[in-house]
1. Name every residue in the stretch 85-99 that is surrounded by 15 or more Cβ atoms within 10 Å (Cβ to Cβ) and touching a helix residue (DSSP H, G or I) at 6+ places or on another chain (Cβ under 9 Å), in order of residue number.
2. Say whether the condition of being outside any strand (DSSP E or B), in the same structural domain as residue 128 (by TED's automatic domain parsing), crowded, with 18+ Cβ neighbours inside 10 Å and at pLDDT below 95 is met by at least one residue in the stretch 166-174.
3. Within the stretch 76-97, identify whether any single residue is modelled with pLDDT of 95 or more and in a helix (DSSP H, G or I), and answer yes or no.
4. Report, by residue number, each residue of the stretch 184-207 that is assigned to a loop (DSSP other than H, G, I, E, B) and at pLDDT below 95.
5. Within the stretch 100-121, count every residue that is part of a loop (DSSP other than H, G, I, E, B) and either in contact with a strand residue (DSSP E or B) (Cβ under 8 Å, 6 or more places away or on another chain) or surrounded by 22 or more Cβ atoms within 10 Å (Cβ to Cβ) (or both).
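The values are calculated or read from the model by the stated rules, or taken from the named source; none is laboratory data. All values derive from a computational prediction rather than experimental measurement. Counting neighbours? That spans all protein chains shown, and the Cβs are built from the backbone with ideal geometry, glycine included.
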C-alpha cells in the first residue's frame with residue numbers, strides 16, 4: 001500500500017514539474033508530452049539511421065578514407081537530410097548553443113558502437129578540436145559535446161590535450177577537397193602523450209569529404225605508427 005502511495009505521489013510530482021517547467025524537444029524545440037523524453041516522437045522517426053554498426057561489410061563511410069589514410073573503423077549515427085530532423089539537430093548543435101543535443105546523441109552513438117566488437121578495445125575518445133578563438137566565439141566545441149555523451153555511456157575517457165588546433169582557418173564549406181586539404185595541413189599539432197594509446201576514436205559532428213579527419217589521422221599515425229585510429233560522427237552527408 002505504501003509503495004503504491006509513493007508511486008502516485010511521484011507521478012503527481014512529475015506531472016507538476018512538467019507543468020511548471022515544460023521540457024522541449026532538443027531538435028525542434030516543441031514542447032514534449034509527459035510520455036516523451038529529450039526528443040519528440042515526430043523528430044525521433046524523422047531521420048534515417050545508417051546502422052553502420054551492424055554491418056560486417058565496408059560501409060560508404062569506410063570507403064571515404066580508402067587510399068587516403070588507414071582508418072580502423074568508422075561509424076555515423078544518421079544520414080544528413082535537408083529539411084529533416086538531421087539538419088535540425090546539427091543546427092541546434094552547431095549554432096544554437098544546445099550542448100544537450102550533443103550529450104544526448106553522443107550517448108546514442110555509444111549505445112550502438114558498443115554492439116560492434118571493433119570498438120571493444122577503445123581506450124580514448126578525442127574530439128576534433130576548434131581553434132581557441134573559434135571556441136570562444138561559439139562558446140563550446142560541438143564535437144566535444146558529442147564526446148562527453150559518448151564517454152558517459154561508453155565508460156572510456158576523453159582526451160582534450162593530445163590533439164590541438166593551432167591555426168584558425170576559415171570555413172571549409174564552400175572549398176573543394178584539394179583546397180580543404182591544403183588549408184588544414186598545418187592546422188593541427190599532436191603531442192607526445194598520444195603514444196600512450198592503442199586505439200583512438202576521433203569524434204566529429206559531421207563527415208563530408210573527410211579531409212579534416214584525414215589530416216588528423218595522418219598526423220597521429222606519423223607520431224604513433226602502431227596506433228589504431230577509428231572515427232565516429234553524428235552524421236554523414
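1. Going through the stretch 85-99, the residues surrounded by 15 or more Cβ atoms within 10 Å (Cβ to Cβ) turn out to be 85-90, 92-94, 98-99.
Result: 85, 88, 89, 90, 92, 93, 94, 98, 99.
2. So the first thing to find is which residues in the stretch 166-174 are outside any strand (DSSP E or B), and the list is 166-174.
Within this subset, residues satisfying the condition of being in the same structural domain as residue 128 (by TED's automatic domain parsing) are 166-174.
Now restrict to residues that are crowded, with 18+ Cβ neighbours inside 10 Å: none.
The answer is no, given that none of the residues of the stretch 166-174 is outside any strand (DSSP E or B), in the same structural domain as residue 128 (by TED's automatic domain parsing), crowded, with 18+ Cβ neighbours inside 10 Å and at pLDDT below 95.
3. no
4. Taking the stretch 184-207 first, the residues assigned to a loop (DSSP other than H, G, I, E, B) are 185-187, 191, 197-198.
Those that are assigned to a loop (DSSP other than H, G, I, E, B) and at pLDDT below 95: 185, 186, 187.
5. Within the stretch 100-121, residues that are part of a loop (DSSP other than H, G, I, E, B) and either in contact with a strand residue (DSSP E or B) (Cβ under 8 Å, 6 or more places away or on another chain) or surrounded by 22 or more Cβ atoms within 10 Å (Cβ to Cβ) (or both) number 2.
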